[in-house]
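The values are calculated or read from the model by the stated rules, or taken from the named source; none is laboratory data. Since this is a predicted model, take the numbers as computed values, not measurements. As a convention, Cβ positions derive from the backbone with ideal geometry for all residues, glycine included, and neighbour counts pool all protein chains shown. Only protein heavy atoms, including side chains, enter the accessible area calculation; ligands, DNA and RNA are left aside. Shrake-Rupley method; radii C 1.70, N 1.55, O 1.52, S 1.80 Å.
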Amino acid sequence: MILEKINGFVWGGGLIFLLLFTGTVLTIRLKFIQLRLPILLLKNGKSKNSGLSQLKTVCMSLGTTMGTGNIVGAASALVLGGAGSVFWMWVSAFLGMGIVYAENVLSAKYSDKALKGPMAYLSKGLGCPVLGVVFAVFCVLASLGMGGMVQVNTFTEALKDCINFSKPIAAAIIFILVLITVKGGGKRIGTAAQYLLPAASAAYAAVCIITLIIYKERVPEVFSSIFHEAFDFKSVSGGIFGYALSVGIRRGIFSNEAGLGSSPILHSAAEGDSPHTQGLWSMFEVFFDTILCCTLTAVTVLCGSESFSVTEAVSTAIGSYSSTFITAELGIFAFCTVIGWYYCGMTAFSHISKGRYIGIFAVIYSGFAASGAIFAPEILWTLSDIFNGLMAFPNLLGILLLMPKIKSKHVCD
């Protein structure tokens, strides 16, 4: 299949190396800031922004990362790459925390009302407006794919296991809900995420923890298999240069989006705040999303399901309600991701169109998102992987070239 070949080319050794290399260099340059995150957040995490409140900004940003990838994406990583893929998701998250800190520092340094996120530091910091436009084009495509269609598709695929429904009618309802929300701009998006995300995350975590308590005897064995398979060169699933690494990195990035450039776009809504504060909160989001939530999903699935099904795994804890519960969680996570990614896509589209036709883009975006209820999931996941990879290339290049601008004074010792 041509899309699979393109995906293999985009996510070949070059991009994997670029992600790992950028994250490693930044981790060293920032003096392993990941390990000091709790202390730094307590000392410097208070926001004084004049735009969206910090809570709304964090919820909106978490809304894009806390999508269906935390449930279905983590489970699919186990199917494709085995338990070892979880280890490489951790690696991608740890190094990604350094990357997301750097991109948010650069964004806060160069963003203004006209230019935000990577478009700002690629155009003004790097002095290459063309690269900013290239990033913006890939960002728009990623917002339509991963941000909209994949999320809706994952939710509706789960919904059809619970009830019979008409896909066109479901698409129409989703279109209206998304359009009404995104037409309200960043504040309405942030408010919706603020009310929906914490409650859904707490409920999901509680059910997973109850499941792990039930299977507590299996937990040590599961963690042992994660480390063993990550470095098992003889395993069918790959090993360090095989599928476990590739799938773990890809699904980790699909989940936490570190290196894609979406986080600095969202945090640019918190106008007037310090680069350090936005960098710290963006790191927390990656930690919460992948290290905590994706790990919780993966360990729960490995303990409770031989078929790598989240619904089957949590059925031990909540019985026949498991399918309904997971579908509801997917619906909330998907909606938060869709509306959060609209802000990213809209900001990128505004850069390309010079601020024109934003209302038209809202309709187009809502239409693409709603169409996810109709298309086959395999095609959408492949397209999303491709667009994610293309979006990461110019962003990581800009971060590497602008690394001298990320000075040690940004890091509080």
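Points worth noting:
- Scanning the range 252-285 for residues that are acidic (Asp, Glu) and either at pLDDT 75 or above or open to solvent by 10 Å² or more (accessible area, probe 1.4 Å) (or both) turns up Glu271, Asp273, Glu285.
- With respect to the conditions (1) at pLDDT 90 or above; (2) farther than 21 Å from Ala93 by Cβ, Gln194 lacks only one, and its number is (1).
- Residue under evaluation Lys43, criteria (1) modelled with pLDDT of 75 or more; (2) surrounded by fewer than 21 Cβ atoms within 10 Å (Cβ to Cβ); (3) not small (Gly, Ala, Ser), criterion not met: (1)
- Number of positions in the range 387-413 that are at pLDDT 85 or above and not in a helix (DSSP H, G or I): 1
- Of the residues Thr337, Thr324, the single one that is under 30 Å from Ser274 (Cβ atoms) and surrounded by 16 or more Cβ atoms within 10 Å (Cβ to Cβ) is Thr337.
- Residue count for the range 286-321 under the criterion of being touching a Leu at 6+ places or on another chain (Cβ under 8 Å), more than 17 Å from Val79 (Cα to Cα) and either modelled with pLDDT of 90 or more or open to solvent by less than 10 Å² (accessible area, probe 1.4 Å) (or both): the result is 1.
- For the range 206-227, the set of residues classified as modelled with pLDDT of 90 or more and among the hydrophobic types (A, V, I, L, M, F, W, C) consists of Ala206, Val207, Cys208, Ile209, Ile210, Leu212, Ile213, Ile214, Val219, Val222, Phe223, listed by residue number.
- When the range 364-381 is filtered for residues that are open to solvent by less than 50 Å² (accessible area, probe 1.4 Å) and either at pLDDT 85 or above or farther than 19 Å from Ala158 by Cα (or both), the ones remaining, listed by number, are Tyr365, Ser366, Gly367, Ala369, Ala370, Ser371, Gly372, Ala373.
- Test: residue in the range 105-119 that is surrounded by fewer than 24 Cβ atoms within 10 Å (Cβ to Cβ), outside any loop (DSSP other than H, G, I, E, B), of a type in the set (S, T, N, Q) and in contact with a helix residue (DSSP H, G or I) (Cβ under 9 Å, 6 or more places away or on another chain): no
- Residues satisfying the stated conditions in the range 165-191, i.e. outside any helix (DSSP H, G or I) and open to solvent by 90 Å² or more (accessible area, probe 1.4 Å): Lys183
- Test set (1) over 17 Å from Thr324 (Cα atoms); (2) at pLDDT 85 or above; (3) in a helix (DSSP H, G or I) - Asn153 fails condition number: (1)
- Screening the range 207-232 for residues that are assigned to a loop (DSSP other than H, G, I, E, B) and either of a type in the set (Val, Ile, Thr) or open to solvent by 50 Å² or more (accessible area, probe 1.4 Å) (or both) and picking the one that is farthest from Thr324 (Cα to Cα) gives Phe231.
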